[in-house]
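Everything below concerns the one structure shown next.
The values are calculated or read from the model by the stated rules, or taken from the named source; none is laboratory data. What you see is a predicted model, and the numbers here were worked out from it, not measured in a lab. Heads up, the Cβs are rebuilt from the backbone with ideal geometry, glycines too, and the neighbour counts pull from every protein chain shown. Ligands, DNA and RNA are excluded from the accessible area calculation, which covers all protein heavy atoms including side chains. Shrake-Rupley method; radii C 1.70, N 1.55, O 1.52, S 1.80 Å.
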Amino acid sequence: MLEKMEDRFDPEAVIEEFESLSRDAGRVQRETLRKILDENGGTEYLQRWGLNGRTDSHSFKDCVPIVSHSDLEPYIQRIADGNSPCCLTGKPITTISLSSGTTQGKPKLVPFNDELMESTMQICKTSFAYRNREYPIGNGKALQFIYGSKQFKTKGGLAAGTATTNVYRNAQFKKMMRTMQTPCCSPDEVIFGPDFHQSLYCHLLCGLIFRDEVQVVSSSFAHSIVHAFRTFEQVWEELVTDIHEGTLSSRITVPPIRAAMAKLLEPDPDLADTIYSKISGLSNWYGLIQELFPSTKYIYGIMTGSMEPYLKKLRHYAGELPLLSADYGSSEGWIGANVNPKLTPEVATFSVPPNIGYFEFIPLREDLNSQGQEAKPVGLTDVKIDEEYEILVTNFAGLYRYRLGDVVKVKGFHNSTPELQFICRRNLLLTINIDKNTEKDLQLAVEAAAQLLVGEKLEVVDFTSRVDLTMEPGHYVVFWEISGDPEDELLQECCNCLDRSFVDAGYLSSRKVRTIGALELRIVRKGTFHKILDHYVGLGAAASQFKTPRCVGPTNNTVLQILSVNASRSYFSTAY
Ligand code: AMP
């Protein structure tokens with residue numbers, strides 16, 4: 001049968017398109033803003049700011065204010081309730097995405113539409129084209145640890161689900177994946193199964209059944225890959241038995257999953273023996289992924305930002321396989337594609353396609369932000385190398401000058417569009433008085449203290465934190481789940497090291513004069529972070545999109561309770 005032109009994926013054409021867009025980023029940005037304002041200028045929201053049909057960037061910045069999610073929430077709620085589907089966009093919004101909202105403990109609603117779907121496809125195609133040039137993959141399959149979340153209807157009858165679910169369910173997206181990439185090993189019944197644990201088990205089983213064909217192992221976020229292989233360590237014997245006997249474990253109870261898996265499973269003692277012997281040959285699971293899936297070319301997923309703490313474990317499972325960092329985006333929309341796939345995750349950058357939205361950048365240099373006055377945002381092509389910025393997004397889905405909340409650093413330019421490195425969320429995680437610590441600061445402190453466990457062959461499985469103001473003075477609490485049971489002395493040392501590793505001047509001086517109390521390290525039982533994941537999945541979050549909250553806010557009662565019920569030991573720093 002003749003292949004239709006549109007069904008063919010032409011990587012060179014995709015690369016050429018990105019090169020051309022990025023060469024002319026300034027003009028494309030102006031054009032994109034004009035299009036967004038042409039399409040949506042008549043909406044209640046934009047009319048309110050008196051643009052009166054103007055579509056140039058000066059008028060836009062003069063009239064339309066910088067906003068946060070809470071400013072737009074009443075509009076989005078009215079859309080969700082079915083009261084005014086066009087208050088933010090010219091065309092009615094018909095789908096809502098749920099962002100992870102992990103810190104506050106409840107997901108945020110954001111509009112989703114065809115234009116966001118299109119930019120998702122553009123980003124996927126672009127990064128795939130560049131990736132495939134460096135790491136070509138042959139015909140085969142992808143072992144993807146992806147999970148749809150529950151979709152539900154809002155009061156106004158709109159479909160609502162996490163952005164990843166909205167994307168995975170989209171027919172056009174599925175078609176593109178087929179033309180461009182190796183298809184997923186697992187059937188849809190597994191991806192969209194109602195029980196995350198059962199889906200994970202079956203993803204692993206499907207991967208093993210197609211072990212020789214697997215070319216790529218991936219997930220949205222690196223956390224899911226690490227979680228999958230930690231689970232593999234627990235259940236591998238059962239998986240091998242399933243393959244040997246050709247029958248599915250009784251732990252899988254969802255009838256459509258059982259039916260779909262029955263079509264794939266048949267007794268295969270040879271395969272079972274091979275897997276068994278591969279695993280027996282491993283030392284401490286090093287190189288597991290490479291051994292299990294010998295044709296794999298690389299491991300792929302978001303590995304930057306809050307995923308960095310999982311890299312060490314992922315490298316251990318990966319052996320010699322390269323780790324390739326996936327693109328940068330959010331439920332609100334995409335920001336950048338990774339077009340330099342050879343960079344390691346620690347230095348990965350994201351190049352902004354200038355046609356997917358209109359982007360502004362608030363400089364964060366301290367001398368520019370004085371007396372509570374924030375510096376003026378600059379345009380996409382006006383950012384400076386090595387400077388840090390907060391991103392503002394204006395897109396085709398009803399967000400105008402919207403604070404995404406992320407801090408990025410400009411590392412260079414791809415033609416004339418910037419290459420951004422993700423730094424952290426802008427909001428401070430830990431602050432009591434004059435101290436200021438971000439997610440990155442916490443991550444660095446945990447990394448430093450976790451080094452002390454290496455000699456005992458132990459690791460921090462996951463971590464989070466909170467500010468405890470119930471005692472005077474307030475203090476930081478860091479929660480750790482550890483892979484084993486170290487001695488008290490060692491944990492006391494870790495606690496002191498954590499305390500000493502927060503080096504911002506505000507924290508140091510407050511600790512010295514005791515306006516911040518001794519840092520507390522609380523050890524939680526094994527499986528605690530699993531329970532936190534289950535809690536979010538129960539709320540409708542997709543396991544694929546899960547990010548461990550690195551700070552648990554005072555209103556996040558359920559997570560606080562999971563942490564306190566599971567705390568087993570506690571140490572107070574004696575560092576100061
Ligand atoms: P969500 O709204 O649940 O989709 O989460 C979006 C947030 O995840 C972004 O605002 C970032 O903070 C983070 N994120 C997404 N992609 C990346 C990436 N490639 N690197 C680091 N953080 C990311």
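So, restricting to helices (runs of 4 or more DSSP H) that lie completely within the stretch 17-109, which ones have at least 1 residues that are within 16 Å of the ligand (Cβ to nearest atom) and farther than 27 Å from Glu374 by Cα?
In the stretch 17-109, no matching helices (runs of 4 or more DSSP H) lie anywhere.
Quick one: Leu116 ticks every box in (1) hydrophobic (A, V, I, L, M, F, W, C); (2) open to solvent by less than 40 Å² (accessible area, probe 1.4 Å); (3) more than 14 Å from the ligand (Cβ to nearest atom) bar one, so which box is it?
Among (1) hydrophobic (A, V, I, L, M, F, W, C); (2) open to solvent by less than 40 Å² (accessible area, probe 1.4 Å); (3) more than 14 Å from the ligand (Cβ to nearest atom), Leu116 violates only (3).
Which of the residues spanning the stretch 228-248 are touching a residue at least 40 places away in the same chain (Cβ under 8 Å) and either open to solvent by less than 10 Å² (accessible area, probe 1.4 Å) or on the phi > 0 side of the Ramachandran plot (or both)?
Ala228, Phe229, Phe232
Just one of the numbered conditions (1) open to solvent by 50 Å² or more (accessible area, probe 1.4 Å); (2) away from the ligand (no atom under 16 Å from the Cβ); (3) under 27 Å from Ser127 (Cα atoms) is not true of Glu346; which one?
(2)
Can we say Ser57 is hydroxyl-bearing (Ser, Thr, Tyr) and open to solvent by less than 20 Å² (accessible area, probe 1.4 Å)?
no
Pull up the stretch 147-204, narrow it to residues that are without any contact (Cβ under 8 Å) to a residue 24 or more places away in the chain and closer than 20 Å to Gly82 by Cα, then point me to the one that is least open to solvent (accessible area, probe 1.4 Å).
Among those that are without any contact (Cβ under 8 Å) to a residue 24 or more places away in the chain and closer than 20 Å to Gly82 by Cα, it is Gln151.
Residue by residue, here is whether (1) open to solvent by 40 Å² or more (accessible area, probe 1.4 Å); (2) assigned to a loop (DSSP other than H, G, I, E, B); (3) within 14 Å of the ligand (Cβ to nearest atom) holds:
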position	(1), (2), (3)
Glu308	no, no, yes
Leu324	no, no, yes
Gly329	no, no, yes
Val339	no, yes, yes
Lys376	yes, yes, no
Asp386	yes, yes, no
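Given (1) open to solvent by less than 70 Å² (accessible area, probe 1.4 Å); (2) closer than 29 Å to Ser465 by Cα; (3) away from the ligand (no atom under 16 Å from the Cβ), identify the lone condition not met by Arg315.
Against the list (1) open to solvent by less than 70 Å² (accessible area, probe 1.4 Å); (2) closer than 29 Å to Ser465 by Cα; (3) away from the ligand (no atom under 16 Å from the Cβ), Arg315 comes up short only on (1).
Here are the criteria: (1) more than 22 Å from Asn556 (Cα to Cα); (2) at pLDDT 95 or above. Tell me which single one Phe479 does not satisfy.
Going through the list (1) more than 22 Å from Asn556 (Cα to Cα); (2) at pLDDT 95 or above, Phe479 breaks only (1).
Identify the residue in the stretch 401-430 that is within 13 Å of the ligand (Cβ to nearest atom), out of contact with any Gly (no Cβ under 6 Å at 6 or more places or on another chain) and open to solvent by 30 Å² or more (accessible area, probe 1.4 Å) and, among all such residues, is nearest to His69 (Cα to Cα).
Arg403
Looking only at helices (runs of 4 or more DSSP H) that fall completely inside the stretch 463-572, which ones have 2 or more residues that are touching a helix residue (DSSP H, G or I) at 6+ places or on another chain (Cβ under 8 Å)?
In the stretch 463-572, the matching helices (runs of 4 or more DSSP H) lie at 488-501, 528-538, 557-566.
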